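These notes concern the structure reproduced below.
The values are calculated or read from the model by the stated rules, or taken from the named source; none is laboratory data. For clarity, every value in this text was computed on a predicted model and none was experimentally measured. When we count neighbours, we look across all protein chains shown, and the Cβ atoms used for this are built from the backbone with ideal geometry, even at glycine. Accessible surface areas use protein heavy atoms only, side chains included; no ligands, DNA or RNA. Shrake-Rupley method; radii C 1.70, N 1.55, O 1.52, S 1.80 Å.
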Amino acid sequence: MRIIITGGGTGGHIYPALAFLKYLKQEEPDTEVLYIGTKKGLEAKIVPAAGIELKTVDIQGLRRSLSPQNLKTAYKFVKSVSDAKKIMRAFKPDVVLGTGGYVAGPVVYAAAQLKIPTIIHEGNSFPGITNRFLAKRVDKIAVGFHAAQEYFPAEKTTFTGNPRAQEVADAASQVEKFEQPTVVIFGGSRGALQLNKAFIEALPELAKRPFKTVYASGEIYYDDYKAIFEQYKAAANLDIRPYINNMTELLSKSHLFLGRSGSTTIAEVTALGLPAIYVPSPNVTADQQTKNAQEYVDQGAAQIIPDGELTGERLVEAISAILEDNESYQKMQAASRKAGVPDASERLYQLVKEISR
């Protein structure tokens, strides 16, 4: 198979694509892959580091308000469509897969115009502008949340889950849990201010609890609170770090997650069957993280604490109510396992095979 994948800007668009490519290579080792992104997006570093060829087009996002920049965006879109067509004529893909982000717009649009089989993957519960634009033009649509299905034509939309779920589930299959109940609190690579404030408030009480807390402050915040963190170095049930490098392994060994509710995070957490307490970021377009988390709250696998309502007291109470109540924990764990999609890449692979020429 020859496949072009496009998607970028944030890890939520890139990591699912790379997870799928890893699975595709396992199933079809002779697969030839080309990734199309931008020079400024996160993909410019991540994709080549993964050993995948990257070609770029020059495109920028559409402003949501009236702006002269949108005229420039329109020009760049047309130019990027032309550039993408040249790349495709040379590469001759059997299928083009878009995973979101504004770069996917002109690339998938160009493929559709060239009559190349196309598929998009929508990772969030509320679709972004790019995938809503592409929906009528592509052959297949894969979604990572059931809630996203209502925004797309039913006849070509399939729930597949997020490919990162299968990657994480496979990696975790041989990992044993910590003996002591353990919660991982993580606000993303840069950290989250409100999480840090609440955690600082909660430290005296967390140090007394029977469960272990692994906390990552985010590198930009760690020095601000280092003096306070140092006071709890002797607490055996506290593990405080600037960042967590081995997140998949750590989550696999742990029992509960508390943090942001990005689409990839939720896919990983449910693939592992972990109960979760989500604190959606208030800085995401269309309150997307709250919408993401709500689907799993409705299924009994998670709880939501709004960012503005998170305090140290509430943080401790929420964690304790789950980890110190075995019945509640078992119910949430079962719901999370049921909601997880540990075969997400396989599901997406079947769709790709169905339309590839």
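What to note about this one:
- Cross-link pairs beyond the 20 Å C-alpha cut-off, checked among Lys92/Lys353; Lys39/Lys353; Lys136/Lys156: Lys39/Lys353
- Of the GluC sites (Glu not before Pro) found in the stretch 126-192, those in coil by DSSP whose Cβ has at most 10 other Cβ atoms within 10 Å are Glu176, Glu179.
- Estimated [θ] at 222 nm from DSSP helical runs (n ≥ 4, -39500 (n - 2.57)) normalised by residues in the chain, nearest 500: -14000 deg cm²/dmol
- Global geometry of the stretch 120-180, whether rounded, prolate or oblate, following the gyration tensor of its Cα atoms and the 1.5 cut on a/c: prolate
- When both the stretch 85-134 and the stretch 156-185 are represented by their alpha-carbon centers, they are found 27 Å apart.
- Length released on extending from Gln174 to Gln299, taking residue separation times 0.36 nm less the Cα-Cα span: 42.3 nm
- Rounded to the nearest 0.05, the FRET efficiency derived from the C-beta distance between Glu150 and Gln350 at R0 = 25 Å is 0.65.
- Acute angle (nearest 10 degrees) that the helix 219-230 long axis makes with the longest principal axis of the chain, alpha-carbon atoms: 10
- The portion of the accessible surface of the chain made up by carbon and sulfur, rounded to a whole percent, is 49 (1.4 Å probe; DNA, RNA and ligands excluded).
- Accessible area expressed per residue, the chain, with surrounding protein chains retained (probe 1.4 Å, Å²): 45
- The chain, Cα convex hull volume normalised per residue, Å³: 136
- Degrees between helix 312-323 axis and first principal axis of the chain (Cα, 0 to 90, nearest 10): 90
- Computed packing ranks the peptides 115-128, 135-148 as 115-128, 135-148, most packed first, by mean other Cβ atoms within 10 Å.
- Segment Ala235-Lys25, length gained on full extension (0.36 nm per residue, minus Cα span): 71.1 nm
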